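See below for the structure under consideration.
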Amino acid sequence: MKITENALETLKSDGVIILPSLIARDTLDIINKDIENSNYLSFNDKLGSLFISDNQWIDHLAVASKTALETVLNPDLLNLLDSYFNEEVVLGSFKYQKKLIGGKSIPLHRDRGPGLVMFIFLNDITKETGSTRFIKGSHISKINEIKHNNINDAEYVNPKYYDFKNQSIQALGKKAGTVQIYSQNILHDLPYYTKAGRETIWAIYYPKSQAYNSEDHLIRIKNLINLTENQKKRLLISEDTKGLSFTNISNNITVTEIYKISSIHKIIYVIRYYLIQLFNRFK
Ligand SMILES: O=C(O)CCC(=O)C(=O)O
Ligand SMILES: [Fe+2]
């Protein structure tokens, strides 16, 4: 993994950095295979694959892919992230997402939170399948034009105040394996995309002192064997962070409970998922 020398400076000033083709092809191939093999059919289960709204998620990618875990804990990457915060980071969240439906967009917002989000694009980045757009430097600017602002939700703003032509940054046109890292405070949107199929890995890193949103990664012991102490401690936070452990699956809450998905909805989701897959194949 070759991270450019000025990456830290760029990330601090712009609030986002795009690292084209950072992840090697053979690494991507292993990750793709792991994802393909992983609990694909175990439905809306904490350990499996979830179909929520228009996306498929694997919520606990650390269970599914040792290679993906090692990639997001790469020492050079951790170095960059630690330097950004002047503090050690922890891996707060680690997921896979596949977009199942085209004809969508996400309006301009900030995620709100103390962390940095990293996307690894698993396929080439096109306008048709969607590419996040960022307003350069907006992570440190003040905004007054909040549109709606629900607790626990992102902070949506009026796009008419922003100059997308001269200030925006996008990974458009870059290849699979491209990485984008951005501050949760940066303004960004996902412009209208027509096609389903974009696959991304999302890793969120928090500075250790503000890691209260971190999730339990449900790590498999065998996925930890190649990790150094420095990497392992990024997965385990202090006792006061709720529910966090390496192998805690005693807590049996399933996503269907969290999202209150009824059995009939589960069945509809599955049928809908297969129809979408089928439809995409013949398009
Ligand atoms: O999917 C994307 O490209 C951006 C998504 C996003 O900004 C969000 O979910 O908060
Ligand atoms: Fe966002």
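All of the numbers you see were taken from the coordinates with simple rules; none came from a lab. All figures in this text were calculated on a predicted structure; none of them were measured in a lab. Please note: Cβ atoms are built from the backbone with ideal geometry, for glycine as well, and neighbour counts cover all protein chains shown.
For the peptides 80-90, 11-21, 263-273, the ranking by packing is 11-21, 80-90, 263-273, with the highest mean count of neighbouring Cβ atoms within 10 Å listed first. Proximity of backbone amide H atoms, modeled 1.01 Å from N, is registered between Gly177 and Phe121, Leu122, Asn123 at under 5 Å, excluding neighbours fewer than 5 places apart on the same chain. Taking the number of Cβ atoms within 10 Å of each Cβ as an exposure proxy, the fewest-first ranking of Tyr205, Tyr274 is Tyr274, Tyr205. Listed cross-link partners Lys104/Lys165; Lys104/Lys175; Lys233/Lys266; Lys33/Lys260; Lys2/Lys233; Lys104/Lys260 are compared with a 28 Å cut-off, the Cα-Cα value being larger for Lys233/Lys266; Lys33/Lys260. Summarising the amide proton neighbourhood of Glu88: residues at separation of 5 or more, or on other chains, whose placed amide H is nearer than 5 Å comprise Lys208.
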